[in-house]
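One structure below.
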Amino acid sequence: MNIRHILLKDVVSFGIGGEADIVILSKEEDIVEAYEYAKTNNLKLHILGGGTNTVFKDGHSNTLVAKMEMNGQTIDDSLQKTENTEDVFITAMAGEDWDGLVKYAVENNLWGIENLSYIPGTVGASPIQNIGAYGAELSNVVFSVRAYDSVRNEFVNMKKEECDFGYRDSIFKKNPNRYCIVSVTFRLLKNGKPVLFYKPLDKLKDKKDLTLKDIREEIIKIRSSKLPDHKEYPNAGSFFKNPILSRVESEELCKRYLTAPIFKVSNGYKIAAAWLIEHVASMKGVRSGNVGTWPAQPLVIVNYGNATFKELEDFSNTIMKTIENNAGIRLEREVNFVE
């Protein structure tokens with residue numbers, strides 16, 4: 001097992017983090033060895049994908065970072081026959097680029113993940129957050145997940161129902177570092193229907209002969225116009241989850257803020273965190289030292305220079321406290337803080 005000492009800020013999109021050891025995972029045996037090495041040497045283990053949703057603490061970390069680089073994807077014809085369906089089952093390794101998989105699906109006219117275009121990161125990270133965008137969630141297309149379970153000391157194949165998916169949540173997120181995802185099998189549709197009820201995608205509803213390519217190109221255009229490139233302005237995308245309110249909470253918010261964009265969802269009432277940051281906290285495009293909210297999308301916090309972990313923590317706490325004080329709503333971070 002090849003272990004190197006690195007600066008963590010060099011392997012995450014936020015550009016924040018101190019020192020730690022890193023090992024590359026290129027096969028299943030590497031995963032077992034990494035867990036055993038961390039246990040033997042009294043180290044915490046952190047599985048890292050693309051590093052686009054993670055921020056490490058400054059200073060020396062007592063963590064072994066295991067970078068997932070298992071690549072490849074295959075179509076499983078046997079599942080198609082077993083499930084007696086025309087759906088297509090694609091198994092992608094955890095180290096595969098997520099948007100690369102979306103691009104492949106769109107080019108092959110397979111429906112289900114087109115609304116998740118242009119989301120940075122790897123396939124292995126996608127079930128952890130149950131990534132979602134524009135009315136689509138990963139859990140809608142997951143068939144199964146293969147992972148190493150460090151408690152049972154064995155590789156397991158988990159059906160979708162066992163993954164305990166929720167809004168930006170899963171069994172993998174609830175049990176950090178217990179599981180190392182190896183691959184994900186997706187069930188994609190040959191004949192799907194577009195999901196276009198979220199603005200501004202709804203403008204495509206009346207387009208004749210709408211294709212998957214049309215939807216993907218529109219989403220890429222939208223995301224490119226609103227979100228900064230993390231290679232130019234280090235960031236981790238959406239920093240907070242959109243809160244889910246009770247009926248009473250939503251009514252109280254609407255009394256205070258008449259234009260609050262609240263949407264009824266299965267488990268309550270969703271309010272856009274970006275709207276709260278802009279209209280309740282008045283912190284859209286606000287900068288403090290080396291960090292600040294992006295002018296075109298306040299849900300994104302940017303590292304404008306040599307930001308420290310404490311600067312980011314303090315700035316995000318200010319946003320959370322201001323919204324809680326003004327509207328009684330507690331924001332929850334979507335970005336993974338590793339201390």
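The values are calculated or read from the model by the stated rules, or taken from the named source; none is laboratory data. Bear in mind the structure is a predicted one, so any value in this text is a computation, not a measurement. When we count neighbours, we look across all protein chains shown, and the Cβ atoms used for this are built from the backbone with ideal geometry, even at glycine. Calculation scope for accessible area: heavy atoms of the full protein, side chains included, ligands and nucleic acids excluded. Shrake-Rupley method; radii C 1.70, N 1.55, O 1.52, S 1.80 Å.
So, in segment 309-329, how many residues would count as being farther than 30 Å from residue 248 by Cβ and either hydrophobic (A, V, I, L, M, F, W, C) or crowded, with 20+ Cβ neighbours inside 10 Å (or both)?
Residues flagged as farther than 30 Å from residue 248 by Cβ and either hydrophobic (A, V, I, L, M, F, W, C) or crowded, with 20+ Cβ neighbours inside 10 Å (or both) within segment 309-329 amount to 3.
Return the residues of segment 218-229 that are part of a loop (DSSP other than H, G, I, E, B) and closer than 12 Å to residue 119 by Cβ; say none if nothing qualifies.
Start the filter on segment 218-229 by keeping residues that are part of a loop (DSSP other than H, G, I, E, B), which leaves 227-229.
Selection gives 227 alone.
If the condition is being open to solvent by 70 Å² or more (accessible area, probe 1.4 Å) and out of contact with any helix residue (DSSP H, G or I) (no Cβ under 6 Å at 6 or more places or on another chain), then segment 57-77 contributes 60, 62, 69, 71, 74, 75, 77. Residues in segment 130-161 that are farther than 29 Å from residue 273 by Cβ, assigned to a strand (DSSP E or B), open to solvent by 10 Å² or more (accessible area, probe 1.4 Å) and not hydroxyl-bearing (Ser, Thr, Tyr): 143, 146, 154, 155, 156, 157, 158, 159. Within segment 162-208, the set of residues being open to solvent by less than 70 Å² (accessible area, probe 1.4 Å), in contact with an Asp or Glu (Cβ under 8 Å, 6 or more places away or on another chain) and polar (S, T, N, Q) comprises 170, 185. Taking segment 6-43 as the range and being in contact with a helix residue (DSSP H, G or I) (Cβ under 9 Å, 6 or more places away or on another chain) and surrounded by fewer than 16 Cβ atoms within 10 Å (Cβ to Cβ) as the test, only 19 passes. Residue-level check: of (1) over 24 Å from residue 263 (Cβ atoms); (2) touching a Phe, Trp or Tyr at 6+ places or on another chain (Cβ under 8 Å), residue 193 misses just (1). Filtering segment 161-184 down to residues that are hydroxyl-bearing (Ser, Thr, Tyr) and under 27 Å from residue 36 (Cβ atoms), which residue is nearest to the chain's Cα centre (by Cα)? For segment 161-184, the residue satisfying everything is 170.
Mind checking whether some residue in segment 40-53 is more than 24 Å from residue 131 (Cβ to Cβ) and under 23 Å from the mean Cα position of the chain (by Cα)?
First, pick out the residues of segment 40-53 that are more than 24 Å from residue 131 (Cβ to Cβ): 40-44.
This time we only want the ones that are under 23 Å from the mean Cα position of the chain (by Cα), so: 44.
For segment 40-53, residues more than 24 Å from residue 131 (Cβ to Cβ) and under 23 Å from the mean Cα position of the chain (by Cα): present.
Would you be able to tell me the number of residues in segment 236-262 that are closer than 22 Å to residue 137 by Cα and either over 18 Å from the mean Cα position of the chain (by Cα) or not aromatic (Phe, Trp, Tyr) (or both)?
Filtering segment 236-262 for residues closer than 22 Å to residue 137 by Cα gives 236-246, 261-262.
Going one step further and asking which of them are either over 18 Å from the mean Cα position of the chain (by Cα) or not aromatic (Phe, Trp, Tyr) (or both), we end up with 236-238, 241-246, 261-262.
Within segment 236-262, residues that are closer than 22 Å to residue 137 by Cα and either over 18 Å from the mean Cα position of the chain (by Cα) or not aromatic (Phe, Trp, Tyr) (or both) number 11.
Evaluated against (1) within 20 Å of residue 237 (Cα to Cα); (2) without any contact (Cβ under 8 Å) to a residue 60 or more places away in the chain, residue 168 falls short on exactly one condition, (2).
How many residues are within 24 Å of residue 203 (Cβ to Cβ), out of contact with any strand residue (DSSP E or B) (no Cβ under 7 Å at 6 or more places or on another chain) and either aromatic (Phe, Trp, Tyr) or in a loop (DSSP other than H, G, I, E, B) (or both) if we restrict to segment 114-129? Don't jump to the end; show me each part of the working.
So in segment 114-129, the residues within 24 Å of residue 203 (Cβ to Cβ) come out as 114-119.
Filter once more, so that each one left must be out of contact with any strand residue (DSSP E or B) (no Cβ under 7 Å at 6 or more places or on another chain): 114, 117-118.
Those left that are additionally either aromatic (Phe, Trp, Tyr) or in a loop (DSSP other than H, G, I, E, B) (or both): 117-118.
Within segment 114-129, residues that are within 24 Å of residue 203 (Cβ to Cβ), out of contact with any strand residue (DSSP E or B) (no Cβ under 7 Å at 6 or more places or on another chain) and either aromatic (Phe, Trp, Tyr) or in a loop (DSSP other than H, G, I, E, B) (or both) number 2.
Evaluated against (1) surrounded by fewer than 18 Cβ atoms within 10 Å (Cβ to Cβ); (2) in contact with a Ser or Thr (Cβ under 8 Å, 6 or more places away or on another chain); (3) within 22 Å of residue 316 (Cβ to Cβ), residue 232 falls short on exactly one condition, (2).
Figure legend. Inter-residue proximity from segment 58-87: first residues over 30 Å from residue 337 (Cβ atoms), second residues open to solvent by less than 30 Å² (accessible area, probe 1.4 Å) and assigned to a helix (DSSP H, G or I), beta-carbon distance below 8 Å, spacing 6+ or different chains. Indicated pairs: 73/101. Tallying residues that are in a helix (DSSP H, G or I) and of a type in the set (Lys, Arg) within segment 236-287 yields 3.
Which of the residues belonging to segment 171-181 are on the phi < 0 side of the Ramachandran plot and not in a strand (DSSP E or B)? Give the steps one after another, and end with the answer.
We begin by selecting, within segment 171-181, every residue on the phi < 0 side of the Ramachandran plot; these are 171-176, 178-181.
Residues satisfying the conditions are 171, 172, 173, 174, 175, 176, 178.
In this structure, residue 334 does satisfy being surrounded by 14 or more Cβ atoms within 10 Å (Cβ to Cβ), touching a strand residue (DSSP E or B) at 6+ places or on another chain (Cβ under 9 Å) and touching a residue at least 60 places away in the same chain (Cβ under 8 Å). Looking at the structure I just gave you, is residue 233 under 20 Å from residue 337 (Cα atoms) and either within 22 Å of the chain's Cα centre (by Cα) or in a loop (DSSP other than H, G, I, E, B) (or both)? Yes: the conditions hold for residue 233.
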